[in-house]
1. Give the residue that is surrounded by the most Cβ atoms within 10 Å (Cβ to Cβ), with candidates limited to residues of segment 63-95 that are acidic (Asp, Glu) and in a loop (DSSP other than H, G, I, E, B).
2. Would you check if Val42 is assigned to a strand (DSSP E or B), farther than 12 Å from Glu80 by Cβ and modelled with pLDDT of 75 or more?
3. Go through segment 22-39 and report how many residues are surrounded by fewer than 14 Cβ atoms within 10 Å (Cβ to Cβ), outside any loop (DSSP other than H, G, I, E, B) and at pLDDT 90 or above.
4. Which of the residues belonging to segment 45-62 are touching a strand residue (DSSP E or B) at 6+ places or on another chain (Cβ under 7 Å) and either crowded, with 16+ Cβ neighbours inside 10 Å or at pLDDT below 80 (or both)?
5. Considering only segment 4-18, state which residues are out of contact with any Ser or Thr (no Cβ under 7 Å at 6 or more places or on another chain), surrounded by 14 or more Cβ atoms within 10 Å (Cβ to Cβ) and part of a loop (DSSP other than H, G, I, E, B).
Amino acid sequence: MHDADGDPVDSAYVKLYANPAVPRAELSRLLKEGMTNGAGRVEFDYTGLFEQGQAGFAVMDILTFKDSSYAEGVIKILEEETNEETLVMQPIPPQ
């Protein structure tokens with residue numbers, strides 16, 4: 001997680017979740033939440049949910065926020081690989 005100046009964002013809340021157009025199964029098992037560290041990173045481990053021989057794993061939505069900034073994105077999680085996505089936090093627009 002970085003801010004608009006490219007600096008890491010510490011202690012930002014991050015949520016990974018499945019949001020398919022047509023839900024086929026209970027998706028709460030895929031939900032992961034955490035806080036970024038001083039380097040603006042958070043790690044989630046889906047190893048226990050992966051099944052050998054499975055073609056692909058999941059495409060997850062990402063939501064993060066801290067104070068009055070937020071970012072949204074998508075990450076494709078491939079089995080037996082480290083998958084990374086960098087989001088840039090922006091000010092929350094006025095309503």
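The values are calculated or read from the model by the stated rules, or taken from the named source; none is laboratory data. Since the model is a prediction, treat every value here as computed from it, not as a measurement. Don't worry about glycine lacking a Cβ; one is built from the backbone with ideal geometry, like all the others, and counts go over all protein chains shown.
1. Result: Glu79.
2. no
3. Here the count works out to 2.
4. Answer for segment 45-62, where residues must be touching a strand residue (DSSP E or B) at 6+ places or on another chain (Cβ under 7 Å) and either crowded, with 16+ Cβ neighbours inside 10 Å or at pLDDT below 80 (or both): Tyr46, Phe57, Ala58, Met60, Ile62.
5. Ala18
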